[in-house]
Amino acid sequence: MELKKSRRHFIKKSALSIGALSVMPFNSLVASGCSTETKKLGIALVGLGNYSSGQLAPALLETEHCYLSAIVTGTKEKEQQWAKKYNIPKENIYNYENFDVIASNKDIDVVYVVLPNSMHAEFTIRAAKAGKHVICEKPMAISVAECEAMIKACNDNNVKLSIGYRLHFDPYHKRIINLSKENTLGTINYVNADFAFTIGDPTQWRLKKSLAGGGALMDVGVYCIQACRYSFGQEPIALRAQAFNSGNEKFKEVNETITWQMEFPDGKISNSTTSYAMSVNNLFVSAQKGKAQLMPSYGYGGIKGFINDEILEFPKFNQQAAQMDAFALNIKNNTDSIVPGEEGLKDMKVIEAIFKSLEQNGARVLI
Ligand code: NDP
């Protein structure tokens, strides 16, 4: 979109020449008549698998501030199917090889990386170098070093980076996040967060170390780390972890089940289980003045829960539409993402500490 490109260049140029403008929010620039921004931002989905086709693309039909403008796929047959279904012009269809030429496509403001975990860093960095803002799916990457490189690439190229942590936009989880912020239940002293499911197809990338980086921990275990961190509103300082394997052939490369306990400041603790061989979906918070629970907790919908006597009930809600609209507004208004790259990096530090503890037979590891 020509308007947006010139806006970005305008802000960049102004920031270099006029110091005051560099801290002026985009809204103020609009108000001062420097530019206008009413159009929806264009999002390119990279990797058209289950999450893109089942959740993100349909959500982009509901979003107010962004729309699906382009696709990047390695599967030829998907090109025409998606073009027809979502009205994508031929020139906005890319593959993993010619991806970098998106730099000159004004219909693309944001690249949304929805690939296997080990490809997140490469495509986030390539998108940043092409001058595009990025949403990267969870887990942010497969190592702390990759997360740091992604944040640096986005900073160096003056683009924003957000992680696909949809639950920060969900009304049930927002209530949990607010418990510590508003001190509703007094000091929170214990959090139990478990997320596990029974995995199917033994040939899928989620069971391959090179593509997934790890098993359930890298996949649904990240939700537990997130939930413990935002329930306490604090960062863990140390942890201990244990791995369990039933001997199932599926789990030759990645862990089947991991449990871990995190220490938070002042002796508060959390306990978590993640697995590809059982079904658990729970967040429990115990505090000085009561308790809260979401169960099931981490789905796209159907969350149930309470805070003491209050049964939580919210109307049907599209987490993905809210998440993408919020990021589009961050870009339009030049504000910070609610879930920036630094959030993904913090979780990856916990994940690396868990693997380190497993290597040391469950020893206490500082984070
Ligand atoms: P899928 O396996 O369904 O899709 C992944 C897609 O990536 C494929 O369809 C393919 O798209 C592309 N791809 C490129 N190279 C490979 C490769 N070597 N092997 C397999 N696929 C490849 O995965 P999901 O959509 O479920 O997950 C994608 C990402 O999204 C993951 O990082 C996952 O953690 C995250 N996710 C997040 C969720 C959330 O709630 N926030 C929910 C589900 C997933 P194409 O054919 O177009 O090239």
Vicinal HN-Hα couplings computed from phi for the range 119-131 (Karplus, 6.51 cos²θ - 1.76 cosθ + 1.60; Hz; Gly/Pro x)
9, 4, 5, 4, 6, 5, 5, 5, 5, 4, 5, 7, x
Treat each spin label as a single point 7 Å out from the Cα along the C-beta direction, and report the residue 314 to residue 100 distance in nm.
4.2
P(r), alpha carbons of the range 135-207 - 10 Å bins starting at zero, rounded %:
14, 28, 33, 23, 3
Would you pull out the residues with amide H under 5 Å of residue 339's amide H, same chain only if 5 or more places away, H placed 1.01 Å from N?
163
Rounded if a/c under 1.5, otherwise prolate or oblate - the range 218-287, Cα gyration tensor axes:
prolate
Pairs over 28 Å Cα to Cα, from 78/316; 268/316; 208/304; 181/346, come to 78/316; 268/316; 208/304
Under 1.5 on a/c is rounded, so check that first for the range 293-350, then, if it is not, pick prolate when a/b is larger than b/c and oblate when it is not; a ≥ b ≥ c are the square roots of the alpha carbon gyration tensor eigenvalues.
oblate
The range 332-344 - phi-based ³J(HN,Hα) in whole Hz, Karplus 6.51/-1.76/1.60, Gly and Pro as x:
4, 9, 6, 10, 7, 5, 5, 10, x, x, 4, 5, x
Hey, for a label at residue 304 modelled as a point 7 Å past Cα toward Cβ, could you say which residues of the range 178-200 have their backbone N under 20 Å away?
192-198
Helix 76-86 axis, angle to the chain major axis (alpha carbon atoms, nearest 10°):
80
Apply the Karplus curve 6.51 cos²θ - 1.76 cosθ + 1.60, θ = phi - 60°, to the phi angles in the range 276-288 and return the couplings in whole Hz, x for Gly and Pro.
9, 9, 7, 10, 9, 7, 8, 9, 10, 10, 10, 9, 3
Run the numbers on the chain and let me know its relative contact order in percent, using alpha-carbon pairs under 8 Å that are six or more apart.
18
If you wrap a convex hull around the Cα atoms of the chain, how much volume per residue is inside, in Å³?
149
Please give the length that would be gained between residue 235 and residue 64 if that part of the chain were fully extended, namely 0.36 nm times their separation in residues minus their C-alpha to C-alpha distance (nm, one decimal).
58.2 nm
Which semi-axis lengths, in whole Å and largest first, follow from the square roots of five times the eigenvalues of the Cα gyration tensor of the range 110-154?
15, 12, 7
Ignoring any ligand, DNA or RNA, what whole percent of the accessible area of the chain comes from carbon and sulfur when the probe is 1.4 angstrom?
53
For the pair residue 91 and residue 288, how long in nm is the line joining their label points, each one 7 Å along Cα→Cβ?
6.2
Two-decimal log10 I(q)/I(0) for the range 201-321, as the Debye equation yields it once each C-alpha is a single scatterer, q = 0.13 Å⁻¹:
-0.63
Is the range 161-201 rounded, prolate or oblate when judged by the Cα gyration tensor, a ≥ b ≥ c being the square roots of its eigenvalues, rounded requiring a/c under 1.5 and prolate requiring a/b larger than b/c?
oblate
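The values are calculated or read from the model by the stated rules, or taken from the named source; none is laboratory data. As the structure is a computational prediction, the values presented were derived from the model and not from experiment. Every residue, glycine as well, gets a Cβ built from its backbone with ideal geometry; the counts of neighbours run over all protein chains shown. Heads up: the accessible areas ignore ligands, DNA and RNA and are worked out on the full protein's heavy atoms, side chains in. Shrake-Rupley method; radii C 1.70, N 1.55, O 1.52, S 1.80 Å.
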